[in-house]
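Q: Submitted below is the structure of interest, expressed as structure tokens.
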Amino acid sequence: MLSVWFASGLFLRVLSPFEVLTMHTKKSQGDQGALRRFHGSPGCYKSQPVPTDPGEEHEDRIKKDKSLITHDDLFERVAREAKTKATFNRVVDVFSKRDIRRRGHVEFIYAALKKMPEFGVERDLTVYNKLLDVFPKEVFVPRNFIQRMFNHYPRQQECGVQLLEQMENYGIMPNVESKVLIVQIFGDKSHPMRKYQRIMYWFPKFKHANPFPVPLQLPEDPVDLARLSLNRIANDLDAKVTVYQMPCTDISESGEEITFPHVVGIQSPDQMELLAKHNPNRPVFVEGPFPLWLRKICVYYYILRADPLPPEEKVEDSYDPERCFDYPLQLDLDLDRDMGDDDSFDVEDVDEGPVFAMCMTSQGDQATLNQWISGLQETNPTLGRVPTLFRLEAGPRELQGVADPGPGYREEGEEEAETDIVVEEEHQRSQGVKQ
Amino acid sequence: MNINRLIALSKSVQFGKILTSNARHATKEVNLPHRTIRTHARNLAYAKDLFLGKVNKAECFPYPEIGNEELEEINSFVAPVEKFFTEEVDSKRIDHEAKIPPETLNGLKELGLFGIQVPEEYGGLGLSNTMYARLGEIISLDGSIAVTLAAHQAIGLKGILIAGSEEQKAKYLPKLASGEHVAAFCLTEPGSGSDAASIQTKATLSEDRKTYLLNGSKIWISNGGFADLMTVFARTEVVGEDGVKKDKITAFIVERAFGGITSGKPEDKLGIRGSNTCEVSFDNCPVPVENVIGEVGGGFKVAMNILNSGRFSMGSAGSGMIKKLIEMTAEYAGSRKQFGKNLSEFGMIQEKFAVMAQNAFVMESMAYLTAGMMDRPGVPDCSLEAAMVKVSDLLPIGCLIVVCVVVSKLNDGIGVLIGYAVVGEQGVQERTKHTPLRCPSVEDQRGGCVVAYPTPTLTNVFSSEGGWICVSEALQVLGGLGYTKNYPYERYLRDCRILLIFEGTNEILRMYIALTGMQYAGKILTGKIKEMKKGNVGVAFEMLGRKLGDALGRKVDLGLTGMDGVVHPGLADSAKKLEQNVAHFGSTVENLLYRYGKTIVEEQLILKRVADVLINLYAMTAVLSRSSRSISIGLRNHDHEVLLANTFCTDAFFKNNYWLTQLQRNSPENQDENIKKIAREVLEKRTYVCSHPLDRTF
């Protein structure tokens, strides 16, 4: 038996996982030789950040080529075909089946952890469990007190911890299956087990700590996204979202394609009341765009606001003794609250002007925003009498790193500020414009 | 001896001093001291004095009685009404059909129940408050009829009665009293009930200045569907003293015959289904100028007076209903067997009857004490002599001092302001006016005048809540049967729920009770508290000494028992409890004023407790007074009354103590901060905040 094992091990060692894979995929392969199968120290893989920049990744690869690690390649090859969960799982399967002793599994797991975001499986618990399953079972469980006392199989334990750490970073909570695996692999008092326990202690506690959670899946439709974002900013349950214009494309008489941007606004009854009370001689301003980050997406919004009332125009609501039929609304006493019972804080209030409404649009030029204002006029007749000034900035430009004249006031008809909902899209479009 | 009068006299002496010290300007008013204007000093200030920790025993002791002739008169009124209600009124049908049949209404009219308090010269019965209360006990056996009648006369025609001119009275009251015309009270508008700012109905004067055109709509108008006459409140443009045009509220008498009035569909209500409640809209309804009640722009006061006086109508309603319920339920409990025992042998059932009896007893005592106080004949001589209620030491020296004189006619708790003197730098100007005014409003306007206090309101809050509890307990005795429509309990339950809501919700009434008293106590205590805050050692020591005394268990003696006692010795223990509570209450009020000052208006949870304690104190007084009288004159079953009184007083004593403890600073019993926080978090999200108990996080 032993010899058979050994032989098969040998055989498998000769075949690289990549080759096994190509046997499945029946594709012609490169010239990766058997020499590359030699495993070196994986120490350099510890807690490497997930590369995001392609250039950096390239450098990484060069470094790796110099080293003797090859598991990366395994994923690289597969990646050429398709970066999906299925292919990722296949790679893991191939590795697991190749060698009963799972030789080089620590290196493999490090490599796999690094590649997970590329395959889009970095938030998939089953994949993490599958990776954990790569560890051979019961081998690293300490059997006596001395083993238990000292760090038993430190490299393996560290790798396990690293795996859990990555889960933690992506906010993935292990489940019972992970726990069973960890117990089987490292025993119930091991470092990975402790890590698991810590995660299980803190994660549930923090899960709902955010009182304003952003949904994991943001809506794709820009109108829905605007609705969600505006409701988030307004934070008033009475506020009503109005879609002033749905996004659509139309072909004009001259054959040109005209796209109408979406215009979505929000206003609460309180804001309407404030606007109704606004002195029509004082202008109101449309300002923006202001950024709002939702997970990885940045959206921009505009506000309609006025300057704070100058002190001389402020009218104190005077007490009307003929207001309440049933009881006095104020006592006619010359006594104030005692200092010991005055729980209010001494806060210096900065006088800010009222914000009357907010809106989001994919195109922040004045023409589009005018549509919003005229839409608002239907419910706020005062707006018709109030001068409206547009103070628009070229907000999103700065984020792209494109040469920008800098924030400042723009005049009518000037180049509009690009305010796309998704930065990446914006990026592409501005490139297209340049071309 | 009349304590109020003493206070007033001592103050008038001070007043004289102030005047002489200001003699530079006040040389001309030498005749003022002679002109000691008398108010009805014994007016309903009992409850207010409680805020100062005083018991004005002359006010409530002995329990008011009526003469034998009057008693006979009442009984002669009551007997046919009772007969009518037991034989002719089919409450079940009224409830089911949501309509009072015309023959029932005619019967009520024939009995004169549409003009109970309208003076005889206008064709009404002209009954006193006590008699009204007695009739109310019977009328309340049917909630729909009670509300219809109350809407007609407690508020509907009250405007004409208390503020109308002679011509208006002569023109309208006879027909209203006979029931030929039914009245309604149109104040509430979409918006809110107590907020005058929500009134949007407009009355615009026509070009010839002879008619007003009414435009707008009113909601929840009882009798609105068929009322022939309405008291309507609308905004009119009034040019103020400073020449600025202002919208002020004015009261109008509007006949349906004027045209332009439409009534909406009757509301489908939970209880009092037979009464008619609907929306009334006015579309260019022409109202002649002479139909303005009181002055143009004076509608706010009229409305306030009507509402305040209207509250009394429900005082005795609860007790009448509960007495009836006790009879019905006791019958059942005595006959129904369970496990071979009568229901009446089970302790938990017995407790319910005790609760009902006690509540009925307390309500009755409060209602008739209040009615008696309101009926008590005023000052024998209404001319301008007698003690003066004075406010000089409450106002900064040198400013305008207004002396109010209120002679209570006290027919319905309405005082008639017969004159007031204005003492200013130019001396005394005396003016006389014959504007009937509800006393609290006089006070509100003039600041610090010691006048009537709303004891009816106290009774009202207690009865409505007690009534609700009792009906619910009675229903409980019958269990499932009570829940069916075969028995009248469910109807009573539905009907009496309205008592907590209309004529000012109990929350609003509590604010009124507490704030009126706080205003009164505040006026008197301001000087002392200011001294204390300034660090006046004398005042501080006095406070400290009193606190020390309280801590050492010094006996409070306010004179209810002992040598000059007014309470029967059999009730001495309860009277001591009352005294102790009153003293504690007085110091608590002082402490609250010290801590919160005028910002106490914002502290509704505190005010609620203050009102609750005050209601209990007044209730204790009422039962003590009533049962003392019962023992003394040997009424039948007076020992039962004593038992009820002692039980109630002990119960109320501990409740009061608990509430007063909660009112102390940093009291661990006080959960207000948490309560507010819970409410804030729930209201912020506008939903129940907690996760479901079955939810998990992993």
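Q: Note the full-extension length gain between B:Leu205 and B:Ala679 as 0.36 nm times their separation in residues minus their Cα-Cα distance, in nm to one decimal. Provide the component values of the computation, followed by the final result.
A: On the way: separation 474, 0.36 × 474 = 170.64 nm, distance 4.72 nm.
Taking 0.36 nm per residue and subtracting the Cα distance, the gain is 165.9 nm.
Q: Also: Tally up the carbon and sulfur contribution to the accessible surface of the stretch A:238-338 as a whole percent, 1.4 Å probe, everything protein left in place.
A: Percent of accessible area from carbon and sulfur atoms in the stretch A:238-338: 50.
Q: Would you calculate the separation in nanometres between label points at B:Leu643 and B:Cys690, each defined as 7 Å from the Cα along the Cα-to-beta-carbon direction?
A: 4.3 nm
Q: Sorting check: for B:338-344, B:370-376, A:98-104, which peptide has the highest mean count of neighbouring beta carbons within 10 Å, and how do the rest follow? List each step's numbers first, then the result.
A: Working: B:338-344: 11.7, B:370-376: 23.6, A:98-104: 16.7.
Taking the mean over residues of other Cβ atoms within 10 Å, the ranking is B:370-376, A:98-104, B:338-344.
Q: Ignoring ligands, DNA and RNA, what accessible area per residue does the stretch B:540-698 give at 1.4 Å, in Å²?
A: Numbers: 8880 Å² over 159 residues.
The answer is 56 Å² per residue.
Q: How big is the equivalent ellipsoid of the stretch B:114-180 along its three axes, where each semi-axis is √(5λ) from the Cα gyration tensor, reported in whole Å from largest to smallest? Write out the running numbers ahead of the final one.
A: Values: eigenvalues 87, 29, 19 Å².
Semi-axes from the Cα gyration tensor: 21, 12, 10 Å.
Q: Taking the Cβ-Cβ separation of B:Lys534 and B:Val244 as r and a Förster radius of 51 Å, what is the calculated FRET efficiency to the nearest 0.05? If you can, show how the numbers build up before the last one.
A: Values: r = 40 Å, r/R0 = 0.79.
Efficiency at R0 = 51 Å is approximately 0.80.
Q: Further question: If packing is taken as the average number of other Cβ atoms within 10 Å across a peptide's residues, how do B:108-116, B:165-173, B:523-531 rank, most packed first?
A: On the way: B:108-116: 21.3, B:165-173: 15.3, B:523-531: 17.8.
With the highest mean Cβ count within 10 Å placed first, the list reads B:108-116, B:523-531, B:165-173.
Q: What is the pair-distance distribution P(r) of the stretch B:102-260, computed from all Cα-Cα distances in 5 Å bins starting at 0, with each bin given as a whole percent?
A: Taking all Cα pairs of the stretch B:102-260, the binned fractions are 2, 9, 16, 20, 18, 14, 10, 6, 3, 1, 0, 0 percent.
Q: For the stretch B:218-377, what is the accessible area per residue in Å², given a 1.4 Å probe and the full set of protein chains? Display every interim value, and only then the final one.
A: Details: 6410 Å² over 160 residues.
That works out to 40 Å² per residue.
Q: Given a Förster distance of 35 Å, report the FRET efficiency between B:Ser472 and B:Thr697 from their Cβ-Cβ distance, rounded to the nearest 0.05. Show your work: numbers first, answer last.
A: Values: r = 42 Å, r/R0 = 1.19.
The calculated FRET efficiency here is 0.25.
Q: Given a 1.4 Å probe and heavy atoms of the protein chains only, how would you sort B:Tyr483, A:Tyr153, largest accessible area at the top? Don't jump to the answer; show the numbers that get you there.
A: Working: B:Tyr483 180, A:Tyr153 90 Å².
Largest accessible area first, the residues go B:Tyr483, A:Tyr153.
Q: Suppose each label sits 7 Å from its Cα in the direction of the beta carbon; what would the A:Leu329-A:Val347 distance come out to in nanometres?
A: 2.4 nm
Q: Now for a separate question. With every protein chain kept in the model, how would you rank A:Met339, B:Met356 by accessible area, 1.4 Å probe, largest at the top? Could the numbers behind the result be given before it?
A: Numbers: A:Met339 165, B:Met356 0 Å².
The ranking, largest first, comes out as A:Met339, B:Met356.
Q: If R₀ is 45 angstrom, what is the calculated FRET efficiency for the pair B:Thr505 and B:Asp573, using the beta carbon separation as r and rounding to 0.05? Mind showing how you got there, number by number?
A: On the way: r = 36 Å, r/R0 = 0.80.
E between B:Thr505 and B:Asp573, to the nearest 0.05, is 0.80.
Q: Please report, in Å, the Rg and the Dmax of the stretch A:165-311, where both are computed over Cα atoms only.
A: When restricted to Cα atoms, the stretch A:165-311 yields Rg and Dmax of 24.5, 77 Å.
Q: Give me the distance between the Cα centres of the stretch B:509-548 and the stretch A:183-218, rounded to whole Å.
A: 59 Å
Q: Using protein heavy atoms only (no ligands, DNA or RNA), what is the total accessible area buried between B and A, 1.4 Å probe, nearest 100 Å²? Please report the intermediate quantities before stating the final value.
A: Details: alone 32430 and 27630 Å², together 56660 Å².
Between B and A, the summed buried area is about 3400 Å².
Q: Further question: With each label point set 7 Å from Cα along the Cα-Cβ vector, what nm distance links B:Asp564 and A:Ile146?
A: Roughly 10.2 nm, to one decimal.
Q: Moving on to the next point. How much length would be gained if the chain were fully extended between A:Leu125 and A:Thr249, taking 0.36 nm per residue of separation minus their Cα-Cα distance, in nm to one decimal?
A: Values: separation 124, 0.36 × 124 = 44.64 nm, distance 4.18 nm.
Gain on extension, A:Leu125 to A:Thr249, equals 40.5 nm.
The values are calculated or read from the model by the stated rules, or taken from the named source; none is laboratory data. Everything quoted here is computed from the prediction, not taken from an experiment. Heads up, the Cβs are rebuilt from the backbone with ideal geometry, glycines too, and the neighbour counts pull from every protein chain shown. Accessible surface is based on the protein model in full, side chains and every heavy atom, while ligands, DNA and RNA are left aside. Shrake-Rupley method; radii C 1.70, N 1.55, O 1.52, S 1.80 Å.
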